[in-house]
Each structure stands twice: as structure tokens, then as C-alpha cells.
Amino acid sequence: MNNKAKVLIVEDEPTISNFITTSLNANSYKVIQCVTGKEALAMIPSHCPDIILLDLGLPDIDGFDVLKQVRSWTSIPVIIVSARDQETEKVKALDLGADDYITKPFGTSELHARIRTALRHHNKSESGAGQHLSKYKTKDLVIDFNKRIVTLHDEIVHLTLIEYKLVSLLAINAGKVLTYDFIINKIWGPFADRDNQILRVNMANIRRKIEENPALPQYIFTEVGVGYRMIEDE
Ligand code: CA
């Protein structure tokens, strides 16, 4: 489906750039490369890539500034590919509008999965299909957005309104990590307490209801210090 999608790699380390290029070419992606932030900003409007893999540590401008500039005019998917693995950096990138964040070193299958997810979400939101998602299904969990019902092994899961809103928000964005702030803003509004306690309590309750073993979740994963990611629907 997304074969032949054009990927722009913004990366100043040739070994990494070539490694990613080889693996993407082998999977039918078209790849273009550049080394600096300025080149990236010039290439995006002229080459119209479908997705950007952006390193943060670039020789000229910081990757965050490239991201900010890109986001000022386009919603093209951006995945940060960085050696910086501090949680604050990930949160900052996601809150600045990055679609995802992957830390070096990483496996190619993980990278490909993240690219597919970002492209799919982008295509859905461009076509408006995301708004009309009627069902989410993965493994034994089904969410019927029209009926507002969650079932597990065909049995109704009794969720509070807040719990339902949380699960739905994560399911509509399945595969993407949502930051704590983003979730709190969406569920409790912009004036809610930024402390994550209420979110953690609700998430613990959800996990008790949908996860066989809440300590080893199979539906909603914790990205420590960053947020939550729900497994992709099937
Ligand atoms: Ca670098």
C-alpha cells in the first residue's frame, strides 16, 4: 500500500544514513538523503517526501529547529531518529509535532513498523478516515466507537466515561506514542493539573480491566517518562 513512499533521511553520519537507505530500498521505498538542516528545509518543498527521518544532532541547525520550521507549514510525518534518549528530549520532540521517536541503535523491523504506522495515520487523517473509524480490534479486544462499547473475549468491559475516553483516544492513535500532556489536555482540558497522578490512576484501572497481567500489558504500553502507546489494530 505504501510501497514507493518517498523517504527523506536527514542525517550527518553516512554509515547510519546508508544503513537506513539500504534497508528501505530493499523494502521498495524511494529514498533521498541530506546531511544538514538547511538542506532538509530546502529539499522538503522541492522533493515533496512522504515522510522525514530526522536526526537531532545536525552540523548546522538543531533538529528541533528543523522540526519547528517543518511543522509551521506542513503535517508531513516526521520520525525523530536520534542517539539522544533522554525522556525530556522525546517529550519535547513529540510535543513539537514529531509523529514518533526512535533511538539509535535500532532494528530495521522496528524502523519499518514506525514508518508504516506514521504513513497510515497521516493518510487516514488526510482522507478524513480517522474521523469515521467505527471499530478498533486487536487480539481479544474490540472497541465499537459507535456504540461506545469495549469488549474483551466478547464480554463487555465496564469502563467509566473517563476510562472509555482514554482507551478511545489511544486506540484512534494506535501505534503512536501519546505524551502525558497531550492525553491530559485531550481528556481533562488545558486547565487540568499537569501532574500525571490522575492519568496514572485511570490507566491502572483500565489495565486491571483489560490486561490479563497489568504488569506485562499486551494492549497499552508505557513509554517510561514519555506517555502511552496502544498496540496497532489488526
Ligand atoms: Ca548526528
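What follows draws every value from the coordinates through simple rules; no lab data is involved. What you are looking at is a predicted structure, and each value in this text was computed from that prediction instead of being measured. Note: ideal-geometry Cβ built from the backbone for every residue, glycine included; neighbour counts use all protein chains shown.
Summarise the long-distance tail of P(r) for the chain by giving the % of C-alpha pairs beyond 31 Å. The partial results should precede the final answer.
Working: 6996 of 27261 pairs.
Cα-Cα pairs of the chain separated by over 31 Å account for 26 percent.
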Label point 7 Å beyond Cα of residue 191 along Cβ direction - residues of region 141-177 with amide nitrogen under 18 Å: none
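By how many nm would the segment from residue 41 to residue 135 grow when fully extended, if each residue of separation counts as 0.36 nm and the alpha-carbon distance is taken off?
Net length gain for the segment: 30.0 nm.
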Calculated from backbone phi, Karplus (6.51, -1.76, 1.60) coupling profile of region 204-219 in Hz, x at Gly/Pro: 4, 5, 4, 4, 4, 7, 10, 9, 4, 10, x, 7, 10, x, 10, 10
Counted charge near residue 16, where neighbours are those whose Cβ lies closer than 10 Å (Asp, Glu -1; Lys, Arg +1): -3
Local net charge near residue 61, Cβ-Cβ under 11 Å (Lys/Arg +1, Asp/Glu -1): -2
Scattering curve values for region 6-129, log₁₀ I(q)/I(0), Debye with Cα scatterers, q = 0.12, 0.13, 0.18 Å⁻¹: -0.38, -0.45, -0.92
Virtual paramagnetic centre 7 Å along Cα→Cβ of residue 156, amide N under 18 Å, in region 191-219: 209-210
Distance from region 1-48 to region 56-101 (C-alpha centre basis), Å: 16 Å
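Which of the chymotrypsin sites (Phe, Trp or Tyr not before Pro) found in region 183-221 are loop residues per DSSP with 10 or fewer other Cβ atoms within 10 Å of their Cβ? It would help to have the intermediate numbers written out before the result.
Details: sites: 188, 191, 219, 221; in loops: 191, 219.
Those satisfying the criteria are 191.
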Choice from 138, 15, 222 showing the highest fluctuation, given a GNM over the chain with Cα pairs closer than 10 Å: 15
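Taking only DSSP H segments of four or more residues, each worth -39500 (n - 2.57), what value at 222 nm results for the chain once the sum is divided by all its residues, to the nearest 500 deg cm²/dmol?
-12500 deg cm²/dmol
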Whole-Å distance, taken between Cα centres, linking region 153-216 and region 108-127: 22 Å
Largest-first principal axis extents, alpha carbons of region 136-234, Å: 37, 27, 21
Label-point separation, residue 26 to residue 211 (7 Å along Cα→Cβ), nm: 3.4 nm
